[in-house]
Amino acid sequence: MAHRLVETKDLTLPITAIRRAELYADIDGQRRLLQADAATDRHLRAALKIIAGNVSASSVTAYLPWICSYWQLAMARQAALDDQALFRGWIQALVTGKYALKKSSIHLAVSAINALCAVTKKKPPKDDSETKAWLRGVYFREKRPVEQAAPILAEDLRELVSQARARDDLRGLRDAALLLVGWHCALRRSEVCRLAVGDIKKAPRSKHYLVTVRDSKTDKNHAGQTVPLYRTADPALDPIAALDEWLSESGITSGSIFRSIGRFGNVSATPLVPRSIAHILDQYVMPKSGISAHSLRSGFITESGMQGKSLPDIMVTSRHGSMEVARSYLRKVDVVGQGVGPLV
């Protein structure tokens, strides 16, 4: 296999030279990532089945194109999956040129191949010290700032819910309930779409509810994660009242809570899909720029930090697997207020 040497700041490593034509094809005038077909490759299909048992459904969906791309390349080159030079060449090809990946996509691609190597009994990139050092250089050279969704804070939420209710139709009721439940439970967009009537129960001896979040990104055992859903003193922002009203008016008694609505106002049996959340937000006038579907989750966490809630308490709802990741939402909340204050 042809290799070339690539000089980095700290080390010189072999890296497979990969042409972009080995990774991409132009299909109907659009650039497409070449991918192995899991339907016809039984070994790839078996690996994906094992991965699906180890990570959440949303992670499988996110990993799939990168796993199939790397598998396609390895089979075409007749190389082992743990060929570190091949892996470095694959990443190098993905981060150079006009369509270079962003840092978040690089992380996702690396995580996907780590998962693939783990289930195929190969040495994953994360266990190779030289590859880890090389990747740090790749991340460092990626100059573009990480784009973070602007948080929807409490006052932003109030404005959006007010717009939804002003529609005075089923879509408005659904959107108000979706915004409030998604925000108060710090749900990811895929979790909002998977929420079912049976996942919401009244808490014992309480006016509040308990919500079971299924197939979460951090729920490795697929056991479901339970989060509280509180009634609020402000009726305009009460998620339980909004949810009850939506279910009552829509006639939904079982199955998916948040569903598509036809052009004539008929509620479908089909649940919303994750990309629908962004489309729903696009129907309203945003209170600030940079808002995306993730803004509901980031907004709850940020607002909780602004109101002085502790990180462990916030993580009961956010369900982050790492305190460091959860803390990243709070770093810019109130730097002055969180400092030691003037000493002299």
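Nothing in this text is a laboratory measurement; each read-out follows from the coordinates by a stated rule. Source: prediction; values computed, not measured. Positions of Cβ are generated from backbone atoms using ideal geometry, with glycine treated the same way; all protein chains shown enter the neighbour counts.
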Legend entry - Estimated dipole of segment 13-117 in Debye, rounded to 20 [Cβ of Lys and Arg +1, of Asp and Glu -1, Cα centre]: 220
Legend entry - Cα lying deepest toward the dipole's positive end in segment 154-333, options HIS294, VAL161, LEU243, charges on Cβ: HIS294
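When the helix-only estimate is applied to the chain (DSSP H runs of n ≥ 4, each -39,500 (n - 2.57), divided by the residue count), what is the mean residue ellipticity at 222 nm, nearest 500 deg cm²/dmol?
Numbers: 14 runs with 159 residues, N = 344.
Rounded to the nearest 500, it is -14000 deg cm²/dmol.
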Legend entry - 16 Å Cα-Cα reach of LYS202 towards aspartates and glutamates, excluding residues that sit fewer than 8 places from it in its own chain: ASP238, ASP244, GLU245
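Write down the Å³ per residue value for the convex hull defined by the alpha carbon atoms of segment 154-333.
Here the figure is 124 Å³ per residue.
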Inset, instruction - Could you tell me the number of lysine pairs in segment 3-141 with C-alpha atoms less than 21 Å from each other, where the two lysines are 8 or more residues apart or belong to different chains? - result: 13
Inset, instruction - Run the dipole for segment 154-333 about the Cα centre, Lys and Arg Cβ at +1, Asp and Glu Cβ at -1, nothing else charged, and hand back the magnitude in debye, nearest 20. - result: 480
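If you place +1 on the Cβ of every Lys and Arg, -1 on the Cβ of every Asp and Glu, and leave all else neutral, what size is the dipole of the chain about its Cα centre, to the nearest 20 Debye? Let's see the in-between values first.
Working: 49 positive and 34 negative charges, 150 e Å.
Dipole about the Cα centre, nearest 20: 720 debye.
Please list the equivalent ellipsoid semi-axes of segment 3-141, computed as the square roots of five times the alpha-carbon gyration tensor eigenvalues, in descending order and whole angstrom.
So the three semi-axes of segment 3-141 are 23, 18, 15 Å.
Quick one: net charge of ARG31's neighbours, Cβ under 10 Å, K/R +1, D/E -1?
On the way: positive: ARG20, ARG32, LYS98; negative: ASP26.
My count for the surroundings of ARG31 gives +2.
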Legend entry - Using a Förster distance of 25 Å, the FRET efficiency for LEU33-MET75 (Cβ separation, nearest 0.05): 0.95
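Per-residue counts of other Cβ atoms within 10 Å, averaged by peptide: what ranking do you get for 200-207, 215-222, 81-88, highest first?
Peptide ranking by packing, descending: 81-88, 215-222, 200-207.
Starting from the Cα coordinates of the chain, work out the convex hull volume and express it per residue in Å³.
195
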Inset, instruction - Give the residue from SER318, PRO228, GLN35 lying farthest towards the positive end of the charge dipole for the chain; charges sit on Cβ (+1 for Lys and Arg, -1 for Asp and Glu) and the dipole is referred to the Cα centre. - result: GLN35
Inset, instruction - Pick out which of SER69, SER256, SER322 has the largest mean-square fluctuation in a Gaussian network model of the chain, springs linking Cα atoms closer than 10 Å. - result: SER322
Inset, instruction - Could you work out which residue, out of GLY305, GLY265, GLY89, moves most in a Gaussian network model of the chain, that is, has the largest mean-square fluctuation with Cα springs under 10 Å? - result: GLY265
